[in-house]
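> I have a structure here, written as structure tokens, and I will follow up with some questions on it.
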Amino acid sequence: MDSIQAEPSGGAGLEALTRFARRAAGADFALAFQAGADGLAVPLASDPGPLPRAFSLGRTRFESLDWSGGPKAAAPLALPSSVLLAIDRPVQQALFIPTPFADAPRSGVLLLWVANRAWRCECPFRDDMEGSVILLQSAFGQMLAGQQDRVRRTLTNDRFHDLFETVPTGIVFMDRNASHALVNERAAVLLDMAAGEVEAAEVGARMRAMREGCRNRDALEILYADLQTTLDYASTAIWVSEASHIEVDTHPVLGHGRNGRIWLFHDVTARERLDDELRRRADTDALTGLANRRRFFEVSTAALQKATLAYGAGSGMSILLLDIDHFKAINDRHGHPAGDAVLHDFALRCQSVLRQRDVMARMGGEEFAVLLPGTGAEEARGIAERLCSAVGGAAFEADDAAISVTVSIGATTRIDDDHSLDPLLKRADLALYEAKMSGRNRVGFKVTLADQTTS
């Protein structure tokens with residue numbers, strides 16, 4: 001960040017004249033400002049400091065009153081808040097001296113006296129304040145007229161400051177030497193540091209600490225590997241923590257690193273959570289909370305690919321197809337609400353038997369499927385038998401009725417010739433058919449289409 005240039009000599013002269021006017025009048029605060037016909041006042045000198053921000057003359061009564069009688073009570077004047085913040089004490093009296101010129105007809109000097117003063121100035125102009133200070137009017141007008149470039153810079157800086165602080169995005173701007181940085185309030189909150197101009201090294205350390213706390217920190221480490229060596233590096237990524245999702249964009253200013261670098265932090269937590277919820281709904285059966293048919297095929301295809309590339313125990317994979325026996329009779333006898341309750345509780349009872357890594361899905365109606373990753377034939381058969389026992393072991397309660405439910409299951413396990421899900425599903429479906437034809441409430445198992453195994 002380039003050093004701030006010293007004000008031209010006219011600025012120093014205006015400050016000296018403002019200080020003299022305050023002391024001559026025995027006031028506690030003096031402000032010289034330039035204001036155009038639109039009433040936007042740009043403070044150019046104050047004594048004592050700091051210089052207030054730009055303000056509007058709209059609600060003030062400076063120009064509508066007769067000041068020839070000297071200072072007036074401050075209460076009715078609607079003094080600008082930026083001026084009151086600068087003086088930081090209750091104001092009792094005020095005196096306005098108009099200093100108009102061609103390009104800024106509403107310019108002037110404002111003198112203020114605070115309430116409950118502990119001293120009284122003994123100064124030569126005190127007895128004829130209104131006459132003596134107004135003698136400076138011409139000098140103030142000439143000096144204010146010479147500050148047009150400074151006014152433009154001030155307005156530009158104020159507008160940039162307003163934009164910098166009010167946009168709903170955290171902003172960090174690093175200078176071309178990577179020695180200093182500007183941090184707005186939103187970025188400061190995210191990085192747990194002070195806003196304003198700070199050392200770039202401190203900002204960098206805070207950003208690294210924030211990334212270290214992300215769930216995707218390893219991916220971010222790879223993404224930003226070229227940042228230190230590539231001057232024109234640019235990227236957009238989402239930093240994912242337990243509490244938030246922050247979209248972070250970094251790019252060189254005006255397309256080249258020699259101009260500095262900007263970081264933009266935008267909180268997209270609500271958007272990402274909505275996307276997650278929409279994805280969850282797209283993948284989930286609304287009644288049972290299980291995965292739906294589409295999600296089952298996605299997960300099972302990925303599991304098959306993983307099993308195909310693995311060897312030994314890791315290459316196992318089995319699939320179960322479940323069909324609730326005589327479910328139409330349950331709906332016909334007890335009604336569809338009762339049938340829905342049975343489906344919901346059936347899913348819960350099955351999940352209590354399954355392992356955490358297993359995936360159960362509702363394929364439609366009373367048909368379900370279970371993916372058993374890393375599972376061979378014998379273990380899959382045991383899980384299927386436990387599911388049969390769990391479902392048929394106790395009646396389901398629905399609308400004060402005890403409903404007996406059984407399930408038929410078709411099972412299969414992956415063999416080397418299985419290059420897609422189709423042969424596994426075909427075998428499992430045939431095993432399910434045989435389980436039903438053999439009396440239901442049992443498990444059919446096929447490793448090959450020629451198998452005739454039902455238990």
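The values are calculated or read from the model by the stated rules, or taken from the named source; none is laboratory data. What you see is a predicted model, and the numbers here were worked out from it, not measured in a lab. For neighbour counting, all protein chains shown are included, and Cβ atoms are generated from backbone atoms with ideal geometry for every residue, glycine included. These area figures cover heavy atoms from the full protein model, side chains too; ligands, DNA and RNA do not enter into them. Shrake-Rupley method; radii C 1.70, N 1.55, O 1.52, S 1.80 Å.
> Sorting check: for 364-370, 348-354, which peptide has the highest mean count of neighbouring beta carbons within 10 Å, and how do the rest follow?
Numbers: 364-370: 19.3, 348-354: 16.1.
Peptide ranking by packing, descending: 364-370, 348-354.
> Shifting gears a bit: Can you give me the % of accessible surface on the range 10-75 that is carbon or sulfur? Probe 1.4 Å, all protein chains present, nothing else counted. If you can, show how the numbers build up before the last one.
Details: 1390 of 2650 Å².
Carbon with sulfur: 53 percent of the solvent-accessible area.
> Please work out the ratio of the alpha-carbon Rg of the range 187-269 to 2.2 N^0.38 Å and round it to two decimals.
Working: Rg = 12.6 Å, N = 83, 2.2 N^0.38 = 11.8 Å.
Relative to the 2.2 N^0.38 Å estimate, the range 187-269 comes out at 1.07.
> Something else now. Students sometimes get this wrong: rank 419, 334 by accessible area, probe 1.4 Å, all chains present, largest first.
Values: 419 150, 334 60 Å².
Correct descending sequence by accessible area is 419, 334.
> Sticking with this structure for a sec: In whole angstrom, note down how far apart the Cα centers of the range 40-86 and the range 281-324 are.
Distance between centres, Cα-based: 73 Å.
> Compute the accessible area per residue over the range 166-213, keeping the other protein chains in place, probe 1.4 Å, unit Å². Spell out each step's value before the answer.
Details: 2490 Å² over 48 residues.
Per-residue value: 52 Å².
> With θ set to phi - 60°, apply the Karplus curve 6.51 cos²θ - 1.76 cosθ + 1.60 along the range 350-360 and write out the HN-Hα couplings as whole Hz, x wherever there is a Gly or Pro.
5, 5, 5, 8, 6, 7, 5, 7, 6, 10, 10
> Determine the per residue accessible area of the range 325-396 with all protein chains present and a 1.4 angstrom probe, expressed in square angstrom. Walk me through the numbers on the way to the answer.
Working: 3300 Å² over 72 residues.
I get 46 Å² per residue for the range 325-396.
> Shifting gears a bit: Show me the three semi-axes of the equivalent ellipsoid for the range 183-341, from the C-alpha gyration tensor (sqrt of 5 times each eigenvalue), largest first, rounded to whole Å. Before the final figure, lay out the partial values.
Details: eigenvalues 480, 101, 32 Å².
Result for the range 183-341: semi-axes of 49, 22, 13 Å.
> With +1 assigned to the C-beta of every Lys and Arg and -1 to the C-beta of every Asp and Glu, and no other charges, what is the dipole magnitude of the range 229-288 about the Cα centre in debye, to the nearest 20?
260
> Also, I was wondering about something else. Can you tell me the dipole magnitude for the range 164-303 around its Cα centre, using point charges on the Cβ only (Lys, Arg +1; Asp, Glu -1), in Debye to the nearest 20? Before the final figure, lay out each step's value.
Details: 17 positive and 23 negative charges, 94 e Å.
Using only the charged Cβ atoms, the result is roughly 460 debye.
> What aspartates and glutamates does residue 72 reach when the alpha-carbon gap must be under 12 Å and sequence neighbours fewer than 8 apart in one chain are set aside?
Result set, ordered by chain and number: 130.
> Please tell me the relative contact order of the range 8-59 in percent, rounded to the nearest whole number, where contacts are Cα pairs under 8 Å and at least six residues apart. List each step's numbers first, then the result.
Details: 68 pairs, mean separation 15.8, N = 52.
For the range 8-59, the relative contact order is 30 percent.
> Then there is this: Rg and Dmax of the range 297-405, Cα atoms, in Å?
Calculated on Cα positions, Rg and Dmax stand at 15.8, 51 Å.
> Can you give me the accessible area per residue for the range 234-319, using a 1.4 Å probe, in Å²? Intermediate results must be reported in sequence, preceding the final value.
Details: 4690 Å² over 86 residues.
On a per-residue basis, 55 Å².
> In nanometres, what is the gap between the two model label sites at residue 232 and residue 267, each 7 Å from Cα along Cα-to-Cβ?
Roughly 3.5 nm, to one decimal.
> Using +1 at the Cβ of each Lys and Arg and -1 at the Cβ of each Asp and Glu in the range 235-394, identify which of 278, 327, 346 lies farthest towards the dipole's positive end.
The Cα lying farthest towards the positive end belongs to 278.
> Separate question: With +1 on the Cβ of every Lys and Arg and -1 on the Cβ of every Asp and Glu, and nothing else charged, how large is the dipole of the range 242-374 about its Cα centre, in debye rounded to the nearest 20?
380
> Straight-line reach from residue 328: which lysines fall under 22 Å, measuring Cα to Cα and dropping same-chain residues less than 8 apart?
Straight-distance partners of residue 328: 436.
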